[in-house]
1. Report the FRET efficiency, 1/(1 + (r/R0)^6), for A:ASN7 and B:TRP73, where r is their Cβ-Cβ distance and R0 is 25 Å, rounded to 0.05.
2. State the answer as a single residue: which of B:ASN82, B:LEU65, B:LEU12 lies farthest towards the positive end of the charge dipole of region B:4-133, with beta carbon charges of +1 for Lys and Arg and -1 for Asp and Glu, about the Cα centre.
3. For labels at B:GLU87 and A:THR106 in the simple 7 Å Cα→Cβ model, what's the distance in nm?
4. Connecting C-alpha atoms closer than 10 Å in a GNM of chain A, tell me which of A:ALA70, A:ALA99, A:ALA82 has the biggest fluctuation.
5. For region B:14-138, what is the charge dipole size about the Cα centre, in debye to the nearest 20, if Lys and Arg each add +1 at the Cβ and Asp and Glu each add -1 at the Cβ?
6. Report the extension gain between A:SER63 and A:GLU34 in nm, rounded to one decimal, defined as 0.36 nm multiplied by the number of residues separating them, less their alpha carbon distance.
7. Please turn the phi angles of region A:144-153 into ³J(HN,Hα) values with the Karplus equation 6.51 cos²θ - 1.76 cosθ + 1.60 (θ = phi - 60°), one per residue in order, whole Hz, x for glycine and proline.
8. Given chain B, what whole percent of its Cα pairs are spread farther than 21 Å?
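Here, each number is a calculation from the coordinates, and none is a lab measurement. None of the values given here were measured: they were computed from a predicted structure. Cβ sites come from the backbone with ideal geometry, for glycine too, and all protein chains shown count toward neighbours.
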Amino acid sequence: MKAEYINPFYKATIDVFRIMLNLDVQRGQLRVVEELGPVSEANVVIGVTGDLRGSLLYSFPKSMALEMVAIMAGMPMTKLDAFVCSALGEVANIISGNAMTHLSGTDLACQISPPQVFVGTEGTLSMATEQAIVVPLITNIGTLELSVSLTSANGR
Amino acid sequence: MWKEHYRIGSELIDSQHQELFGRVASFIRAVQGEESWEERLDEVQSTLEFMKDYVVIHFRDEEALQKEIGYPWLEKHAAIHNAFREEIREFAQRVEREGFDEEKVQEFAAKVMTWLIMHVGKEDQRIGEYIREQGGQQ
Ligand SMILES: [Fe+2]
Ligand SMILES: [Fe+2]
């Protein structure tokens, strides 16, 4: 897992949060974890295949998740229902897609799977056996923790 | 949901975008309302019906504008429109077949919302930039 894979995600998050939410994003201290697992209540998992393989986990605190969707919808949100979860999945999907475009600028061609959303902080994601780098993405409505676990498919 | 900074400088397109955001907002209100699903279903159905036709009109007019001003990325833009129009059509067919399931409609409303914000906020803004760059030449 190379640290340079992180930058495209940071850039994509800045871009998407500015356009969709009118929010600034600061990057917190990176940390390495042995297993991919949820940090906060609202979680989106996206698989990556192609030149890089692995998983992405977007973990949002509940209050942040509700506020994000409230900003987009222009009306308050009170629970992590199908509407809120689907919207979060789409935001994570758009960020990941844009990050893949940035990565293709470095000659890495990857595809992403549809977002899977789950609520709760229990457990780990069994498919990930590799280490993950966690990037805290700090905004004034809360911190999104993005875990990136990617390895090169051909040993590059 | 509509923001003043979404304006691209074409009166027709800007008013269509306002209409789209307004409709999506009422769609979300209906989908997320407190009343029983049966009570909200009328509004959900009629908004979906309206949107299905209105995106066709809007995409057609926006693509015509791009052609008129010689917008260089119109093919890529049209492909994005086509993909979204197809998604709406598929969803409309699906609910016709399977009925209006509340959760499925909620998920769909969220997709439409995020798509519209990202598309108007990013892709359509490029048309506005192009119009401004070409300013005076039309
Ligand atoms: Fe548009
Ligand atoms: Fe458009």
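1. On the way: r = 26 Å, r/R0 = 1.04.
Efficiency for this residue pair is about 0.45.
2. B:LEU65
3. Distance between label points: 2.7 nm.
4. In this elastic network of chain A, the residue with the biggest mean-square fluctuation among A:ALA70, A:ALA99, A:ALA82 is A:ALA82.
5. 540
6. Extra length available between A:SER63 and A:GLU34 comes to 7.7 nm.
7. Calculated HN-Hα couplings, in order: 8, 9, 9, 9, 10, 10, 10, 10, 6, 6 Hz.
8. Working: 4127 of 9453 pairs.
Result: 44 percent of Cα pairs exceed 21 Å.
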